[in-house]
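Pasting in a structure now, in structure tokens, and then I'll have a few things to ask.
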Amino acid sequence: MGDPSGVGAEVTVKALARCSAASRSGFVVVGDRNTLERAAEATSIDLGFHDLGTLSREGSVALVHVPVEGLPDRFGVLSPRCGEACFQYIRTAVEMAQSGAAAGIVTAPINKEALNSAGHHYDGHTGMLAALTGAKSSFMLLASERLKVIHVSTHISLKGAIDRARPERILATIRAGNDHLKRIGYEKPRIAVAGINPHCGESGLFGTEDDDYVRPGVETAKAEGIDVVGPISADTVYHRAFQGGFDLVVAQYHDQGHIPIKLVAFDTAVNVSLGLPIDRTSVDHGTAFDIAGTGKANHVNMLSALDYASRLAGRRLELEEAQ
């Protein structure tokens, strides 16, 4: 459900209301009952929640209520108790996925400041999920219909991102992206690796990192039979991929990958975590405290995340006609 003070509950309710009753029965919401009911009231949606494993009326949604004391009774509040709730919801969902009770998880947005103020020191969902599942490393993939981007690093400083862009990490990122695209139906994914420096360093004039670190990672991936090229200057590679030249771009750091995706698919891009022992998709937006509880939050991104997760689980998301 995400942060109880944010738009997570609202976009969850709205998105599930768009799903057919059959599709809706394949989802379980993990979160706070009172928050979800207030979100449903704010959006004038009669959805209904029932405890997982109990009888219900057709079309209602199964809920795993995770009690956390001290939650604010209104939206739009930055609160350590909400940060604690985020952690508890995610840990519960991870346990369900690891036990086989769920095929994967879909996450609504959390607030990193609230999470850390509650004593859970993670850079966001991806790092927390890696820690909870014991994964050695994880990768963020942003997926849209015409552009897909996987990141060598995400929530670290630009200086730290350059330090992290070493051949072994770049190779691991290429492998993770290649494996995922094969899983979703690409027979031989075409992958491009973006350079770090302007014009990939211009033969050392603007830096040597592309020649010293990026190129060796790419060449090793090529030797393994992966269809990959690079480094390619970041000011052209995304346009080429968007026009159909590549199936996936490897971005070297957070903004290099996020900016083009959010430009072309702001409402529909899905955040997918790779390298974990469980499947996880997410919306690609924040908690939006300023509009939480007003009924104005756009749920299209959540629908995209639900659909992507359904595909990974071998199901198809069916939607009711828009009202």
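List the trypsin sites (Lys or Arg not before Pro) within the range 249-312 that fall in a DSSP loop (any state other than H, G, I, E or B) and whose Cβ has at most 14 other Cβ atoms within 10 Å.
Answer in residue order: Lys296.
With a 1.4 Å probe and all protein chains left in place, how much accessible area per residue does the chain have, in Å²?
Heavy-atom SASA per residue in the chain reads 44 Å².
What longest range of the chain stays clear of loop-exposed GluC sites (Glu not before Pro) (DSSP non-H/G/I/E/B, at most 16 other C-beta within 10 angstrom)?
The segment 225-317 is the longest one with no such site.
Carbon and sulfur: what percent of the range 183-248's accessible surface (1.4 Å probe)?
That share works out to 49 percent.
Pairs Lys188/Lys296; Lys148/Lys296; Lys14/Lys136; Lys182/Lys296; Lys159/Lys296; Lys136/Lys159: which exceed 31 Å Cα-Cα?
Long pairs (Cα-Cα over 31 Å): Lys188/Lys296; Lys14/Lys136; Lys182/Lys296; Lys159/Lys296.
Let me ask something else about it. Distances over 15 Å make up what percent of all Cα-Cα pairs in the range 39-121?
68
Along the charge dipole of the range 1-59, pointing to its positive end and built from +1/-1 on Cβ of Lys, Arg, Asp and Glu, which listed residue (Asn34, Ser5, His50) has its Cα farthest out?
Farthest towards the positive pole: His50.
How big is the shadow of the Cα convex hull of the range 68-160, averaged over all directions, in nm²?
If you wrap the Cα atoms of the range 68-160 in a convex hull and average its projections, you get 8.2 nm².
So if we plug the beta-carbon distance of His121 and Asp290 into 1/(1 + (r/R0)^6) with R0 = 30 Å, what FRET efficiency do we get, rounded to 0.05?
So, using R0 = 30 Å, E works out to roughly 0.70.
Report the trypsin sites (Lys or Arg not before Pro) located in the range 1-101 that are in a DSSP loop and have at most 12 other Cβ atoms inside 10 Å of their Cβ, or state none.
Arg57, Arg74
Calculate the spin-label point distance for Thr208 paired with Arg164, positioning each point 7 Å from the Cα along the beta-carbon direction, and give it in nanometres.
Inter-label distance under the simple model: 2.5 nm.
Residues with amide H under 5 Å of Phe49's amide H, sequence separation 5 or more or different chain, H placed in the peptide plane at 1.01 Å from N; which?
Under 5 Å from the amide H of Phe49: Val61.
Still on this structure, please answer the following. Please name which of Ala292, Gly230, Val270 has its Cα lying farthest along the dipole of the range 221-323 towards the positive end, using unit charges on Cβ (Lys, Arg +1; Asp, Glu -1) and the Cα centre as origin.
Of the listed residues, the answer is Gly230.
If you roll a 1.4 Å probe over the range 1-124 with all protein chains in place, what percent of the accessible area is carbon or sulfur?
48
Compute the distance in nm between two label points, each set 7 Å from the Cα along the Cα-to-Cβ direction, one at Glu69 and one at Thr54.
Each label point lies 7 Å from its Cα, and together they span 2.3 nm.
The values are calculated or read from the model by the stated rules, or taken from the named source; none is laboratory data. Everything numeric in this text was worked out from a predicted model, so none of it was measured. A quick note on method: Cβ atoms are made from the backbone with ideal geometry, for glycine too, and the neighbour counts reach across all protein chains shown. Note: areas computed on protein heavy atoms with side chains; ligands, DNA, RNA excluded. Shrake-Rupley method; radii C 1.70, N 1.55, O 1.52, S 1.80 Å.
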